[in-house]
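*Asks:* Below you'll find the structure I mean.
The values are calculated or read from the model by the stated rules, or taken from the named source; none is laboratory data. This is a predicted model, so every value here is computed, not measured. Cβ atoms come from the backbone with ideal geometry, glycine included; neighbour counts cover every protein chain shown. Ligands, DNA and RNA are excluded from the accessible area calculation, which covers all protein heavy atoms including side chains. Shrake-Rupley method; radii C 1.70, N 1.55, O 1.52, S 1.80 Å.
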Amino acid sequence: YGFEAIFCLSGHYPLNYVRYAAIAFEREFGIPVWIGHEGMVCSPGQGDHAAQWETSLMWALEPETVDPKRFPKRGKPNPPGVYGKPVADLTPALARANLELVIEGMAKTAKHLLKRRKSCKPSLKRR
């Protein structure tokens, strides 16, 4: 088919049902598939809802879309609907460090997929 592996990065979670489709595709076509969100490629895994993790990635990738003046004051909790580590503790350096974690994790995951390619055998008989 021309693909050695498929790496699907989703911007949202949970992904439980989508994983079933990825497993079925991998088994049928013999092409390794990884599907997940950016926090899943990090060790330990990361993720939140509009808190420090997600905000840090936006700040590192699109800094003009994040206004730190709107963050809660240090020591104050996140606003309602924001779940995770305090946004107030976020710095540009932490934002860049979190993005580096994602980039490194994506590269490691992609390399792992390519190694798995050798052992994947399709169940579908090609005509």
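*Asks:* Scanning the range 86-127 for residues that are open to solvent by 60 Å² or more (accessible area, probe 1.4 Å), in a loop (DSSP other than H, G, I, E, B) and in contact with a helix residue (DSSP H, G or I) (Cβ under 6 Å, 6 or more places away or on another chain), which turns out nearest to Pro63 (Cα to Cα)?
*Replies:* Only one residue fits best here, namely Pro122.
*Asks:* Next up: Kindly provide the set of residues from the range 33-85 that are under 29 Å from Lys111 (Cα atoms), loosely packed, with under 12 Cβ neighbours inside 10 Å and over 13 Å from the mean Cα position of the chain (by Cα), ordered by number.
*Replies:* Answer for the range 33-85, where residues must be under 29 Å from Lys111 (Cα atoms), loosely packed, with under 12 Cβ neighbours inside 10 Å and over 13 Å from the mean Cα position of the chain (by Cα): just Glu62.
*Asks:* Of the conditions (1) modelled with pLDDT of 95 or more; (2) more than 14 Å from the chain's Cα centre (by Cα); (3) not β-branched (Val, Ile, Thr), Gly30 satisfies every one except a single condition; which number is it?
*Replies:* With (1) modelled with pLDDT of 95 or more; (2) more than 14 Å from the chain's Cα centre (by Cα); (3) not β-branched (Val, Ile, Thr) applied to Gly30, the lone miss is (1).
*Asks:* Taking the conditions exactly as written (of a type outside the set (A, V, I, L, M), within 29 Å of Pro122 (Cα to Cα) and loosely packed, with under 15 Cβ neighbours inside 10 Å), does Ser10 satisfy them or not?
*Replies:* Yes.
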